[in-house]
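Before any comments, here is the structure.
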Number of protein chains: 2
Amino acid sequence: MNLRLALAQLNPTVGALDANLQQLKDAYRSAEQAQCSIIAFGELSITGYPPEDLLLKPRFIADQRAALLEFAASTTSCVAVVGVVDSDGERLYNAAAVCADGRVQHIYRKRSLPNYSVFDEKRYFTPGTEPLQLFGVNGIPVGISICEDIWVDDGPHVDLVTSGAEILVSINGSPYHLDKDAEREALIADRASQLGIPICYVNQVGGQDELVFDGGSFVVDHSGELLGRAPLFTESLLITDVEIQHRESRVEPSISLGGRAAPLHADNPVIPIAESMSGDDELYEALVLGTRDYCRKNGFSDVVIGLSGGIDSTLVACVAVDALGADHVHGVAMPSRYSSDHSLTDAEALANNLGVDMRTISIEPAFAAYMEMLDPSFAGRQPGLTWENVQSRCRGQILMALSNEFGWMVLTTGNKSEAAVGYFTIYGDSVGGYAVIKDLLKLKVYDLCRLVNERAGKEVIPNNVIVKPPSAELRPDQRDDQSLPPYEVLDPILSLYVEHDRTAQDIIDAGHDPEMVSRITRLVDIAEYKRRQSPPGVRVTQKAFGKDRRVPITNGYR
Amino acid sequence: MNLRLALAQLNPTVGALDANLQQLKDAYRSAEQAQCSIIAFGELSITGYPPEDLLLKPRFIADQRAALLEFAASTTSCVAVVGVVDSDGERLYNAAAVCADGRVQHIYRKRSLPNYSVFDEKRYFTPGTEPLQLFGVNGIPVGISICEDIWVDDGPHVDLVTSGAEILVSINGSPYHLDKDAEREALIADRASQLGIPICYVNQVGGQDELVFDGGSFVVDHSGELLGRAPLFTESLLITDVEIQHRESRVEPSISLGGRAAPLHADNPVIPIAESMSGDDELYEALVLGTRDYCRKNGFSDVVIGLSGGIDSTLVACVAVDALGADHVHGVAMPSRYSSDHSLTDAEALANNLGVDMRTISIEPAFAAYMEMLDPSFAGRQPGLTWENVQSRCRGQILMALSNEFGWMVLTTGNKSEAAVGYFTIYGDSVGGYAVIKDLLKLKVYDLCRLVNERAGKEVIPNNVIVKPPSAELRPDQRDDQSLPPYEVLDPILSLYVEHDRTAQDIIDAGHDPEMVSRITRLVDIAEYKRRQSPPGVRVTQKAFGKDRRVPITNGYR
């Protein structure tokens, strides 16, 4: 027997209950028209995931409940599985509401609440402990699990199948990090073949502050074989016919829904299997979607970027053009007395290739003014680093003035290597609303620049940008490698220290140069206060600065 | 029978294992010399509380364990109860180690892990579930509880007493908010009289990033009467003799420690009961300690403050002088074409009264330079708010240049009302390392300014500063009440919306003007991105901006 399923891979906006409700209704109508027996939505699909402290407002919970009831009232025989906040008046539950025939028919409460990394579910929710219940759709017993539940070896899926489930619906709010889609598919395929039943896995898509949800919803059959897959990083309604293998001893679920007969085989839709992506392609698309959604959901159509002719601002400009369109991206070159000629020509060539407008504003008048204003205070001194920081902040000022006047969001261009060691000026090059590549180590920035040219089949990014030695150009003949080790040495140390929770001693024990490691890890520690005041940006690794890595600023551990 | 106790109210630095260990050893020696039978330290007293993601580093856990073993090896017959991280190799526990006679004799694992407000203990720890155990000190059965445990009505204290405990030791890392000390004392007194046994409550003291721990450790007898209390906001070793009322049917604890005989009554120390403080005194001292410790623990001796002659920077300067001494506080007046005469004279009078150095740097040259630099971009426009922001950022630039050159930390002067509605310039007046009054609503800033003069018995703060109408002075004749309602109207709405998780509709329902409430709450929502890039500062309320209030930036809920 076949069951026709719809997986609604939607892009909600956290908190926008009305708009999210409308998305649910629209997808439901499409599933109805396609004669689906079940439609599954993402985790917390009415509030959007993660709603964070909005959940502490009792009226927000009540408003969400009203939206759920309105949705449920609009349902017919197609059975909807909707991620919702459930409340018993005292405690909150991360739940799935089964809606059909005009009302909520069943609630499943999530049992495994993730409270690590970027997840804080135990801050808000109580785990479900009620006896598990199946519900029947066209007589087929269906079980539900929510996100983390299915990652736990002895999660509810085991009991659900033991008690007779012939298909599992897993609803998710699973944020992206590199290669996570492959991880998920492997896990779910494994579960399906072990349990001997099909699993449909539906995920949210879209950017929400630092998180980007990649979608990639899919269905596997009872042997774990992939039946259908929605594309990554875009909304999609995946409609699939799944063959159900009946158990020898069948159970009759206490809740029986879905009057619709199973569709004929002749009616079967062609089930698309979206192609998977290479790691770098994934990363690039995650940056594009994260940037697009942060702008769009916060009401910004345009962005402004300081174009230095360097590799970082170049990549950010490329992402911005793909996210918002060239007409909505504005470049500013801000040369100083220390800028090289190629900085300006490389920035101009890039702007030209991308078709974005670019203006040039020299920072000299402001820089000279500050030197004059500070002269009495600095009398008799040779300010070194201070003048470098002043230049960087003059650029930040210009970008923010353009932002304030024209409503363009400033995109910040710093990468993860710089953020880690504090090789940036607070209130200078770190100003902005969104830091597009904040979670990319420098070597990865190079990879993605090469990818941009590869994908375009031409030199969008001037080759000189990729091959010239990196420099902040804040003093004569400055180069990054005067202050920092080569990125080939730096990035692996940073990855161990920041992304893998190793200590300096661990890294030295692993064979890295002791003096170098001590210096680098110390730099990471003392830059925490600067990172804390940096803008959010897309998380693409398993440990990003931001809500993911919560170290104290005041920290005596060496 | 009497038991002599020492309560070690120490000020650790998070992560500074060696220094914290030395504190423990020093206090232990003092308790030994005073012939104490028990010494109790705070929660996680070797790592300092809260260690946050340092706990995710396996070597940090191992290093802390080594410090514990070193401490335990140094113990004799005086029984130490030490807050530690305990590990079973896989999971971590927030625990108390009972150390005596050269080794760890017993471990109690905290059962109730707070995971709300500023607490994230479920991110790191697993709750203890082992059977409760008493340990005997001079034959007296003692029970332990850790912080949150005792706030839970049916917490371990109930079972401990049922099973024979004749005294409870509660170790804590309980951060300050207004009136929390009174709350704690009332709760513990209540527990003691209900259980019929004495309780000694020991708390950490000191500032750690946004948290300040107020200390105020105390001992109550079996009827809940206060026997002794350590002062608030300062380190202290409180030594107390407690009379133990033996139970009719006594139990023999399986762990028997403490060879020392109970001291004679004649030896009894005079037990001090530190005076309690008024609410405003508490608040002021919390600001002073938070500021002092943030500077000291992060290696800053001096601070620099932009002195506008307004109420906010005035209060911050007073706190800074009390925290660091007048010689370590540097004021800068930064007038513009829109500054009134009284701004400079009020700032000068204050600097004079406080005995801090002050310089004046006009922002005109930089302001004029930016107007010239931006002229081509702004041609034909009348930039309004943009020029206000530019001025504010010129001031931020000056402060940061002085900071970079002289190593002075910038203290940020914004209050909670401004932070809430976004009435500040990002990268302008919000620059700095520590935001001293970020958790004080504006009306409370006035209260504390009056307190400063009251306590001094003279006009430290020029009266004109307190009585003049507040203004940002960024355009001719500007006053706060042109953009904002009077603070008497604004602050109560902000308190409901920000501190009490009410929604706009709730506040309107409570009788506030609908149009006003809609406007104010909308301002709060759209300023979230600015607050996210603001410096940390002392939390003094039950809901501060920062790690306490975790709302999404991208937020469609109205």
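The values are calculated or read from the model by the stated rules, or taken from the named source; none is laboratory data. Keep in mind the model is a prediction, meaning the values are calculated, not measured. Backbone-built Cβ (ideal geometry, glycine too); neighbour counts: all protein chains shown. Keep in mind that these areas ignore ligands, DNA and RNA; they rest on the heavy atoms of the full protein, side chains included. Shrake-Rupley method; radii C 1.70, N 1.55, O 1.52, S 1.80 Å.
Which of the residue pairs A:530/B:530; A:122/A:547; B:297/B:442; A:530/B:468; A:442/B:122 have a Cα-Cα distance greater than 24 Å in the structure shown?
Over 24 Å Cα-Cα: B:297/B:442; A:530/B:468; A:442/B:122.
Could you state the angle between the C-alpha long axis of helix A:311-324 and the longest principal axis of the C-alpha atoms of chain A, as a value from 0 to 90 degrees rounded to the nearest 10?
40
Fully extended, how many nm does the chain gain between residue B:25 and residue B:513 (0.36 nm per residue separation, minus their Cα-Cα distance)?
Once the chain is fully extended between residue B:25 and residue B:513, it gains 169.8 nm.
Name the residues whose placed amide hydrogens come within less than 5 Å of the amide hydrogen of residue B:304, ignoring near sequence neighbours (fewer than 5 apart) on the same chain.
B:330, B:409, B:410, B:411
Taking the Cα centroid of segment B:196-240 and of segment B:61-140, what is the distance between the two, rounded to the nearest whole Å?
Using only Cα atoms, the two centres lie 19 Å from each other.
Once phi is turned into θ = phi - 60°, what whole-Hz ³J(HN,Hα) does the Karplus curve with 6.51, -1.76 and 1.60 give for every residue of segment B:143-150, x standing for Gly and Pro?
Each residue's phi maps through the Karplus curve to give x, 10, 9, 10, 6, 3, 3, 7 Hz.
So which trypsin sites (Lys or Arg not before Pro) in segment B:371-476 are both in a DSSP loop and have at most 10 other Cβ atoms within 10 Å of their Cβ?
For trypsin sites (Lys or Arg not before Pro) across segment B:371-476 that sit outside H, G, I, E and B with at most 10 neighbouring Cβ atoms in 10 Å, the list reads B:458.
How much accessible surface area, in Å² rounded to 10, belongs to the heavy atoms of residue B:522 with a 1.4 Å probe?
Accessible surface of residue B:522 is approximately 100 Å².
Using a 1.4 Å probe on the protein chains only, how many percent of the accessible area of the protein assembly as shown belongs to carbon and sulfur?
Looking at the protein assembly as shown in its full context, I get 50 percent from C and S.
Please report the accessible area of residue A:250 (heavy atoms, 1.4 Å probe, ligands and nucleic acids excluded) in Å², nearest 10.
Using a 1.4 Å probe on the heavy atoms, I get roughly 110 Å².
Scattering from the C-alpha atoms of the protein assembly as shown alone, worked out with Debye: what is log10 I(q)/I(0) at q = 0.05, 0.06, 0.08, 0.09 1/Å?
Values, matching the q order: -0.36, -0.52, -0.93, -1.16.
Evaluate the charge dipole of chain B about its Cα centre and quote only its size in Debye, nearest 20, assuming +1 on the Cβ of each Lys and Arg and -1 on the Cβ of each Asp and Glu.
Once rounded to the nearest 20, the dipole reads 1120 debye.
Give me the inter-chain shielding for B:354-362: mean count of other chain Cβ atoms within 10 Å, whole number please.
1
Can you tell me, using C-alpha contacts under 8 Å and at least 6 residues apart, the relative contact order of chain A as a whole percent?
Taking the mean separation of contacting Cα pairs over the length of chain A, I get 12 percent.
Putting +1 on Lys and Arg Cβ atoms and -1 on Asp and Glu Cβ atoms, find which of A:67, A:16, A:38 reaches farthest to the positive end of the dipole of segment A:2-75.
About the Cα centre, the residue reaching furthest to the positive side is A:38.
Shielding by partners for A:54-60, please: the mean number of other protein chain Cβ atoms within 10 Å of each residue's Cβ.
The per-residue average across the peptide is 6.
In whole angstrom, note down how far apart the Cα centers of segment B:31-47 and segment A:483-501 are.
Comparing the Cα centres of segment B:31-47 and segment A:483-501, I get a distance of 41 Å.
Could you sort B:345, A:162, B:503, A:126 by their accessible area in this structure, using a 1.4 Å probe and putting the largest first?
A:162, B:345, A:126, B:503
Give me the one-decimal nm value for the distance between modelled label points at residue A:464 and residue B:33, 7 Å along each residue's Cα-to-Cβ direction.
7.3
Compare A:248, B:488 by solvent-accessible area with a 1.4 Å probe and give them largest first, with all protein chains kept in place.
A:248, B:488
Report the one residue of B:339, B:535, B:156 whose Cα lies farthest in the direction of the positive end of the charge dipole of the protein assembly as shown (charges on C-beta: Lys and Arg +1, Asp and Glu -1; origin at the Cα centre).
It is B:339.
Could you work out the mean count of beta carbons from other protein chains within 10 Å of each residue's beta carbon in A:8-15?
Mean shielding count: 3.
Give the angle, between 0 and 90 degrees and rounded to the nearest 10, that separates the Cα long axis of helix B:180-195 from the longest principal axis of the Cα atoms of chain B.
Roughly 20 degrees, rounded to the nearest 10.
Which cross-chain or sequence-distant (5 or more) residues have an amide H under 5 Å from the amide H of residue A:208, H modelled 1.01 Å from N in plane?
A:213
Straight-line reach from residue B:110: which aspartates and glutamates have a Cα under 16 Å away, not including same-chain ones fewer than 8 places off?
B:43, B:86, B:88, B:120, B:121, B:130, B:148, B:149, B:153, B:154, B:159
Roughly how much of residue A:371 is accessible, in Å² to the nearest 10, using a 1.4 Å probe?
Surface open to solvent at residue A:371 totals about 60 Å².
Suppose R0 equals 45 Å; then what is the FRET efficiency for residue B:385 and residue A:447 from their Cβ-Cβ distance, rounded to the nearest 0.05?
Efficiency, from the Cβ-Cβ distance: 0.65.
Once you charge only the Cβ atoms, +1 for Lys and Arg and -1 for Asp and Glu, what is the size of the charge dipole of segment B:466-506 about its Cα centre, to the nearest 20 debye?
With only Lys, Arg, Asp and Glu charged at Cβ, the dipole is about 160 debye.
Once the dipole of segment B:498-552 is set up with Lys and Arg at +1 and Asp and Glu at -1 on Cβ about the Cα centre, which of B:508, B:524, B:545 lies farthest towards its positive end?
The listed residue farthest towards the positive side: B:545.
In nm, to one decimal, how far is the modelled label at residue A:271 from the one at residue B:558, with both set 7 Å along Cα→Cβ?
Inter-label distance under the simple model: 4.2 nm.
Can you give the Rg to Rh ratio for segment B:388-443, taking only C-alpha atoms and Rh from Kirkwood?
Result: Rg/Rh = 1.00.
Report, in degrees rounded to the nearest 10, the 0 to 90 angle that the Cα long axis of helix B:385-406 makes with the longest principal axis of chain B.
Taking the Cα atoms of chain B, the angle to B:385-406 is about 50 degrees.
Calculate for chain B the 222 nm mean residue ellipticity that helices alone would give, adding -39,500 (n - 2.57) per DSSP H run of length 4 or more and normalising by residue count, nearest 500 deg cm²/dmol.
So the calculated ellipticity at 222 nm is -11500 deg cm²/dmol.
Based on Cβ point charges of +1 for Lys and Arg and -1 for Asp and Glu, what charge dipole magnitude is obtained for the protein assembly as shown about its Cα centre, in debye rounded to the nearest 20?
In debye, rounded to 20, the protein assembly as shown gives about 360.
Rounded to the nearest 5, what % of the DSSP beta bridges within chain A are antiparallel ones?
In chain A, DSSP labels about 55 percent of beta bridges as antiparallel.
Using only the alpha-carbon atoms of segment A:271-362 as identical scatterers, what base-10 log of I(q)/I(0) does the Debye formula give at q = 0.11, 0.14, 0.16, 0.22 Å⁻¹?
The computed values of log10 I(q)/I(0) come out as -0.37, -0.56, -0.68, -1.04.
Residue by residue through segment B:122-135, what is 3J(HN,Hα) from phi via Karplus (6.51 cos²θ - 1.76 cosθ + 1.60, θ = phi - 60°)? Round to whole Hz and write x for glycine and proline.
So the Karplus estimates, Gly and Pro as x, are 6, 5, 10, 10, 9, x, x, 9, 5, x, 6, 9, 9, 10 Hz.
Given H placed 1.01 Å from N in the peptide plane, which residues other than close sequence neighbours of residue A:39 have an amide H under 5 Å from its amide H?
It is A:6, A:79, A:80, A:81, by chain and number.
What ranking, highest mean first, results for peptides A:281-294, B:93-106 when packing means the other Cβ atoms within 10 Å averaged over each residue?
A:281-294, B:93-106
Could you go through segment A:278-290 in sequence order and give the Karplus-derived ³J(HN,Hα) for each residue, using 6.51 cos²θ - 1.76 cosθ + 1.60 with θ = phi - 60°, rounded to whole Hz, and x for Gly and Pro?
My calculation for segment A:278-290 gives 6, x, 5, 4, 3, 4, 4, 5, 5, 5, 5, 5, x Hz in order.
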